[in-house]
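Contents: one structure, followed by commentary.
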Amino acid sequence: MRWSLRRPSISGAAALRGAAALAILLCLAVLACGCGSDRRQVKLIYAGSLIVPFDKLAAAFEQQHPGVDVLTESHGSIQVLRHVTELGDRMDFVATADEQLIPPLLYDRTDPATGKPWASWYCTFATNRMVLAVSPKSLLAGVLTSKTWYRRLTQKDVRFGLADPRFDAAGYRALMVLQLAEREYDDPYLFEDVLMGRFTTPITVTRSGATDVVEVPEILETSSGSNVVLRGASIELVALLESGDLDCAFEYESVARQHHLKYVRLPASIDLGEPRYARAYGTVDVKLDFRRFASVRPEFTGDVIRYAFTIPANAPDPELARQFAAFLLGPEGRRILEADHQPLLTPPRLDDAAAAPEEVRRACAGTR
Amino acid sequence: MRQGEQHLKAFGRRRVERGAGRLARGRRVRRRVARWLVPAGALLAVCLVALAAACGGGSGGQASPSPAASGPVVLTVKGEKSSRTFTMGQLQALPSYEGYAGIKSSTGVITPPSKYKGVPLADLAGLVGGISRSNGVTIVAKDGYGMTFSYRQIMENGFTTYDPATGDEERPDGKLHVIIAYQHDGEPIGADDGPLKLAVAEDTPGQVVDGHWAIKWLDAVSVTRASAAWKVQLAGAVPGELTRASYVNCASPGCHGSGWVDAQGKRWEGVPLYLVTGLVDGGKKHDAGAYDARLAKKGYKIQIETNTGKVITIDSRDIAGKNSIVLSSKVDGGELPDEYFPLRLVGPGLSEAQMPGGIARIVVRVR
C-alpha cells in the first residue's frame, strides 16, 4: 500500500487571485474593443421585392467601407414606412416599391420628438412591371401567351397565385392588371370570370365617374375548391411556383427573373410598367374594405410602378446613409441592380431637389 | 528489523496516524455538516415550494386566486349587443390556454415558436354573444393597426402555417388556438409588444403563421356581422349595387315588395329578381322601361355568386316578369337565418340548388 499526502503546488487563494486577474484583463480587453472601436452601422429597411439586389448592395458597400456594418430588414412597402413612423425604429435608409406612399406616410406626419416631418424628399430610382410567372413544372409552361393567359385563369384546373392585396402592393397591383385587362381584351366580364366564386366574400368592382373601383372585402379567404392561392407576400408565391404547387402567379418581373422563372409578358397597357400608359393605369382604384393601419388611407390608384428611397430626418447616421444612397445611385450600385434585373430610372428623379442632400443630388445628376 | 527501518516504520505509522487523524476529523466534520445540512435543505425546499405556490406558478388552466377588478382596463370586447371591459387581473382569471406560437415575416424571416399563455379569442367572443359564420372578429391595437379574423380562422384552423425550421408550408399538427396572450415564456408580455398580444398557438412548437396576424399592443376586440351594412354588387351593361337601404326601399309593399310561399308554408318576402336585373341591363336604372323585357326574352345568363364562393346561373327567360321569384330578406316576417344572410333567392320552379343564400354579387351578362 502506498501512502501519499499531496501538497498543492500553489495555494488555493493564489489560484483564485490569478483567475480573477485574468478575468479582469479579459473584460478590459472586450470593453476596449467596444469602446475604442471605429465600427459604424448603417440600417437599411426596404420592400421585399428588393431583397436579392439589396443583399448584394449591402455586401459591396461593406467591402468598400471597412469598419462599416450594413444592417438590413425588409417588409411590405407600407410596413417599411410604418417602422419609421409608428413603430419607432430609427432607420438610416428607407426604400419602398410604391413612391405614392412616401408623402402621406412620411411628409404629412410628424416625429413627436421634433415636431417635424419624418422626411422631406424622396428619390425615385427604379421601376418594375407585373408579369405572370409560370411554374417550370406546369403543363402550361409552353402554352400561356400574352393573348391567352386570362382565359386560362378562368379554368378551374389552373391554379394561380395572388399576393393578398390587403398586405402586399403586388396583390392590389394584380387586381389592377385584371381590371385593366377588360379593356385591353375587350372582355367586359374578364374580372368576374377570373375571380368569381374564388373567394368566400367576392372582390367586386363598381364605377365612380370614369374610374373602376375594385373593392377588397374585410375578410378575404379563398372558397373551397378555389383555383386561386392567396399568400401574404408575393415572394411566398415563388416557392410554390418552383415546387409546382402553382401553375402561375402574378409577380414583379424582376423577382421572376431573379428566381429564373419563365413568365408571360403582359401588354404594356396593363402591366403598370410603361409611363405612356400612366393615365390609363389611373382609371383603376383598389379600395380595401378595412383599415389595417390607422395612418394609411386604404385606397390605391393605378400608376406606373416606381421604387423610391429617402433618408429619414431622424436617421442615426445620416452621413453614412448619404454615402450609401450615393453608392446605390453610382456606377457600382446600378451595376448590381441591373445584374439582378431591377429596371432603373435613368436619371433618378428627386421630388424636391432643394430638400435632398448634396450627395444624392450629385449622384442623380451624375447618372445621365 | 533494522533501526532505520523501525524509524521509518514509526515515521510512516505516525504519518498514517496523522493522516488517519485528519481523515477522522474530516469524517466528524462531514457528519456535523450532514446533521444540519439535511434538515436545512428540507426547510429550504419547503420554503421554495411555498414561495412558488404563493407566486401562482404552474401552467394552463389555473386562475389567479382573486381577480383584481381594480387597475386599468387593458381590453375592451364588443359584441353586436353587449360589451365588456377587462383589467389584467380579470383577464387572467378567465380560463386560459398555453401553447407555442411563432411567426414568419413577409420576407421569410422566422421567429421560432415559444410559449404564450392567454385567453382564447373564441371564449372572449362567447362572453358578448358568440360568433357564427356570418361574423368577423376585428382586433385593434393601440396604434390603430387592425385585422379582421374570420370564423374559419378562429374555429377551423383557417391559417396558412409553415415549418419553423424550413419556412415551407405545412399543415399544422393539431388544433390552432387564437389567443389574446398576456404571458410569454412564463413572464408578462413587456411594453415592446404588450401587455396584450394576439398569438396563434398550438400544443407543440411545430408551426408558425404569417406575421401580420400577430397583433401587438392589442386593446380592443369587436365581434361584428361580416357585412352588417350589406350590399350586393351588380354587374351588367352598367355596374351597380344593391345596398341594404335601396333594397329596403324597393321591398316595401307600396313599391316592388313581393313574396312566395314554399311547400312547407313558409312565406319568403323580397324584391323580384327580374326587376333587380333591370338596374344593370341597360342605361335606365329605375321607373318604367328600366327592365329591358325584349332583351330578357332573347335570353341572357344571370350569375348569382354567394359569400361561400358558390355560383349559380339562371336564364333571363326563366324569371322574366315573375314577381314570385324573389331576392328575399325575410321569412315568415322575421330576419333570415344566418346561413342565408343577407339575401336568398327563392321562388317556384327553382330547385334547392338554385335557391342560394348569402348572395354577394349578381352578374347580368347582357354584353
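The values are calculated or read from the model by the stated rules, or taken from the named source; none is laboratory data. None of these values were measured; they are calculated from a predicted model. Here Cβ is always computed from backbone atoms with ideal geometry, including for glycine, and neighbour counts include all displayed protein chains. Calculation scope for accessible area: heavy atoms of the full protein, side chains included, ligands and nucleic acids excluded. Shrake-Rupley method; radii C 1.70, N 1.55, O 1.52, S 1.80 Å.
The table below lists the values:
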read-out: Condition check for B:D318: acidic (D, E), surrounded by fewer than 18 Cβ atoms within 10 Å (Cβ to Cβ) and either more than 34 Å from the chain's Cα centre (by Cα) or modelled with pLDDT of 90 or more (or both); value: yes
read-out: Any hit, the stretch A:264-287, residues being over 26 Å from A:E182 (Cβ atoms) and surrounded by fewer than 21 Cβ atoms within 10 Å (Cβ to Cβ); value: no
read-out: Single residue of the stretch B:342-367 satisfying the filter (outside any loop (DSSP other than H, G, I, E, B) and among the aliphatic types (A, V, I, L, M)) that is farthest from B:A237 (Cα to Cα); value: B:A353
read-out: In the stretch A:147-179, the residues that are within 13 Å of chain B (Cβ to nearest Cβ) and open to solvent by 40 Å² or more (accessible area, probe 1.4 Å); value: A:T154, A:K156
read-out: Residue match in the stretch B:224-235 (condition: free of Cβ contacts under 8 Å to residues at least 60 places away in the same chain, buried (at least 16 other Cβ atoms within 10 Å of the Cβ), within 14 Å of chain A (Cβ to nearest Cβ) and part of a strand (DSSP E or B)); value: yes
read-out: Every residue from the stretch A:227-239 that is at pLDDT 90 or above and open to solvent by less than 20 Å² (accessible area, probe 1.4 Å); value: A:N227, A:V228, A:V229, A:L237, A:V238
read-out: Qualifying residue in the stretch B:270-282 (condition: surrounded by fewer than 19 Cβ atoms within 10 Å (Cβ to Cβ) and not in a loop (DSSP other than H, G, I, E, B)); value: no
read-out: Residue in the stretch A:83-97 that is modelled with pLDDT under 90, open to solvent by 10 Å² or more (accessible area, probe 1.4 Å) and more than 22 Å from A:L320 (Cα to Cα) present; value: yes
read-out: Number of positions in the stretch A:334-368 that are assigned to a strand (DSSP E or B), without any contact (Cβ under 8 Å) to a residue 60 or more places away in the chain and out of contact with any Gly (no Cβ under 9 Å at 6 or more places or on another chain); value: 1
read-out: Residue satisfying condition, being of a type outside the set (S, T, N, Q), under 20 Å from A:I51 (Cα atoms) and surrounded by fewer than 15 Cβ atoms within 10 Å (Cβ to Cβ), within set A:A339, A:A308, A:A326, A:A365; value: A:A339
read-out: Filter result (closer than 14 Å to B:G321 by Cβ and acidic (D, E)) within the stretch B:261-282; value: B:D281
read-out: Failed criterion for B:D210 (all others in (1) under 21 Å from B:V77 (Cβ atoms); (2) touching a Ser or Thr at 6+ places or on another chain (Cβ under 7 Å) hold); value: (1)
read-out: Scope the stretch A:40-57; condition open to solvent by 10 Å² or more (accessible area, probe 1.4 Å) and of a type in the set (A, V, I, L, M, F, W, C); matching residues; value: A:I51, A:V52
read-out: Residue list for the stretch A:219-237, filter: among the aliphatic types (A, V, I, L, M) and in contact (Cβ under 8 Å) with a residue 60 or more places away in the chain; value: A:V228, A:V229, A:L230, A:A233, A:I235, A:L237
read-out: Any hit, the stretch A:251-262, residues being of a type in the set (A, V, I, L, M, F, W, C) and within 23 Å of A:P104 (Cβ to Cβ); value: no
read-out: So B:T204, is it open to solvent by 20 Å² or more (accessible area, probe 1.4 Å), within 11 Å of chain A (Cβ to nearest Cβ), over 14 Å from the mean Cα position of the chain (by Cα) and among the hydroxyl-bearing types (S, T, Y); value: no
read-out: Filtered residue count, the stretch B:75-116, keeping only those that are crowded, with 16+ Cβ neighbours inside 10 Å, touching a Ser or Thr at 6+ places or on another chain (Cβ under 6 Å) and over 30 Å from A:S74 (Cα atoms); value: 4
read-out: When residues of the stretch A:68-82 are limited to those that are free of Cβ contacts under 8 Å to residues at least 60 places away in the same chain and open to solvent by 20 Å² or more (accessible area, probe 1.4 Å), the one farthest from A:A233 (Cα to Cα); value: A:D69
read-out: Residues of the stretch B:191-203 classified as modelled with pLDDT under 95 and under 18 Å from B:E98 (Cβ atoms), total; value: 2
read-out: Matching entry among B:I215, B:I180 (being under 15 Å from the mean Cα position of the chain (by Cα), open to solvent by less than 10 Å² (accessible area, probe 1.4 Å) and either of a type in the set (F, W, Y) or within 14 Å of chain A (Cβ to nearest Cβ) (or both)); value: B:I215
read-out: Answer residue from the stretch A:180-204, given it is open to solvent by 20 Å² or more (accessible area, probe 1.4 Å) and not polar (S, T, N, Q) and is farthest from the other protein chains (Cβ to nearest Cβ) among those; value: A:E184
